[in-house]
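Here is the structure we will look at.
The values are calculated or read from the model by the stated rules, or taken from the named source; none is laboratory data. Bear in mind the structure is a predicted one, so any value in this text is a computation, not a measurement. Using ideal geometry, Cβ is built from the backbone for each residue, glycine included, and neighbour counts are taken over all protein chains shown.
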């Protein structure tokens, strides 16, 4: 592995817990919060992939709204417009994992420029990051909105490489989503997979260069094992 000169993070599920919305779902649908959140997230991902294959981009917020409407229809839950708006707005304020702020501070202290590359729109990325107060850690917040296709399309990974101004081999890509880590590795990034759930990696012809269970394992590994 070449010297690492910058780090790109996925946002949803890597830095921020998408299932932090489950509590809010439970407020409107008692006892169903996590169930709703799990299906909602899966359909949200599926809709971005399908939209990319269809060549029909739409903002991430709209895919999120579509996925919530599908979820409630599938579960036979009555979703009013007010509740739909409330829950979709919660996706703009999802919470970071507990170890993330300290880990980002450690990495920033290593003089590595940090960036986020996300399927979120410019609006959604800025909303999530600013709501958590972590915007000061990032040199770039990069949205697929600029290329109008979703990850794991190679144009998205190329956008991040161009924005960072570094060769892809010098940028560590960090994601907890194995499909995203596979896409980034296929593009040519060295990849660290954050395996929070002790899952199996996807069988897509790629393997991560390193695996951690939490983000705060990353600074130690970078300091000891990876040239900079």
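What to note about this one:
- Taking region 59-88 as the range and being touching a helix residue (DSSP H, G or I) at 6+ places or on another chain (Cβ under 6 Å) and free of Cβ contacts under 8 Å to residues at least 12 places away in the same chain as the test, only 79 passes.
- Helices (runs of 4 or more DSSP H) (entirely within region 35-144) containing at least 1 residues that are under 16 Å from residue 10 (Cα atoms) and touching a strand residue (DSSP E or B) at 6+ places or on another chain (Cβ under 7 Å): 100-109, 122-132
- Of the criteria (1) free of Cβ contacts under 8 Å to residues at least 12 places away in the same chain; (2) surrounded by 13 or more Cβ atoms within 10 Å (Cβ to Cβ); (3) within 23 Å of residue 138 (Cβ to Cβ), which one residue 91 fails: (1)
- Only a single criterion out of (1) under 17 Å from the mean Cα position of the chain (by Cα); (2) crowded, with 17+ Cβ neighbours inside 10 Å is not satisfied by residue 83, namely (1).
- Residue in region 102-113 that is surrounded by the fewest Cβ atoms within 10 Å (Cβ to Cβ), counting only those that are modelled with pLDDT of 95 or more, out of contact with any helix residue (DSSP H, G or I) (no Cβ under 6 Å at 6 or more places or on another chain) and under 22 Å from residue 171 (Cβ atoms): 105
- Residue 147 fulfils the conditions (1) closer than 24 Å to residue 18 by Cβ; (2) crowded, with 18+ Cβ neighbours inside 10 Å except for a single criterion, (2).
- Entry remark, region 179-213: residues being touching a strand residue (DSSP E or B) at 6+ places or on another chain (Cβ under 7 Å) and either closer than 23 Å to residue 166 by Cβ or surrounded by fewer than 16 Cβ atoms within 10 Å (Cβ to Cβ) (or both) number 15 in total.
- There is no residue in region 150-164 that is more than 27 Å from residue 57 (Cβ to Cβ), surrounded by 15 or more Cβ atoms within 10 Å (Cβ to Cβ) and in contact with a helix residue (DSSP H, G or I) (Cβ under 8 Å, 6 or more places away or on another chain).
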